[in-house]
1. Can you pull out every residue in the stretch 126-165 that is touching a helix residue (DSSP H, G or I) at 6+ places or on another chain (Cβ under 6 Å) and of a type in the set (Gly, Ala, Ser)?
2. Condition test on Cys66, is it at pLDDT 95 or above, touching a helix residue (DSSP H, G or I) at 6+ places or on another chain (Cβ under 6 Å) and away from ligand 2 (no atom under 16 Å from the Cβ)?
3. State the number of residues belonging to the stretch 132-165 that are assigned to a helix (DSSP H, G or I), more than 15 Å from ligand 2 (Cβ to nearest atom) and under 19 Å from Gly47 (Cβ atoms).
4. Out of the stretch 71-97, which residues are among the polar types (S, T, N, Q) and at pLDDT 95 or above?
5. Tell me whether the stretch 51-66 contains one or more residues that are without any contact (Cβ under 8 Å) to a residue 24 or more places away in the chain and either surrounded by fewer than 16 Cβ atoms within 10 Å (Cβ to Cβ) or at positive phi (or both).
6. Kindly establish whether Lys129 is under 26 Å from Pro35 (Cβ atoms) and either surrounded by fewer than 16 Cβ atoms within 10 Å (Cβ to Cβ) or away from ligand 2 (no atom under 13 Å from the Cβ) (or both).
Amino acid sequence: MSFGFQQRIEAEMENVNSAWDEAFYESIRDIAEHPVVLRMKLYPHHGNSSCYDHCLNVAYYNYQVCRKFNLDAVSAARGGMLHDLFLYDWHTHTAKTGDHFHGLTHPKAALKNAAKFFKLNRIEKDVIKNHMWPVTVLSIPRTKEGWVTTFVDKYCGAFETSRRR
Ligand SMILES: [Fe+2]
Ligand SMILES: [Fe+2]
């Protein structure tokens, strides 16, 4: 993906249309209020935000950016809300399980969890499975919404970490 694409995403993230907020929330309500998804509130993610807060941020900006780009904003939002549904504290996960590859393995874990509880379309699966590219070298997004997510996820992560108190 070109540098220009990345810059446009960044610009759109700073210029959200709050008139779309209600439509955004309605598009993810069943996911955002599902008991399994709510469990993400128990796990810290970046800085002071929980995994739930992080997923809600990614869903929100995915929706905003994709709607501005005339992409499938609803699928991008729904995939975003589920993209880190791995349900453990990754800060202590390695010590507990010996899994040193959380960065590489969690997208597949999230996809497996998400597929258990929700019917996922092709774009939603792509958003979840390939969001860690380029860390996961061979797991490359196949959809534009998937590409948007790789950037939105990184910006949200950086923003959440910088607000750590
Ligand atoms: Fe992730
Ligand atoms: Fe993430």
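1. Gly146
2. So Cys66 fits the description; yes.
3. Matching residues across the stretch 132-165 total 1.
4. Once the filter is applied, which keeps residues that are among the polar types (S, T, N, Q) and at pLDDT 95 or above, the stretch 71-97 yields only Ser75.
5. No.
6. In short, no.
Yes or no, residue by residue, for (1) among the hydrophobic types (A, V, I, L, M, F, W, C); (2) away from ligand 1 (no atom under 13 Å from the Cβ):
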residue: Phe69; (1), (2): yes, yes
residue: His102; (1), (2): no, no
residue: Lys108; (1), (2): no, no
residue: Phe117; (1), (2): yes, yes
residue: Ile123; (1), (2): yes, yes
residue: Val135; (1), (2): yes, no
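The values are calculated or read from the model by the stated rules, or taken from the named source; none is laboratory data. Not measured: the values here are computed from a predicted model. Methodologically, a virtual Cβ is constructed for each residue, glycine included, from the backbone with ideal geometry; neighbour enumeration extends over all protein chains shown.
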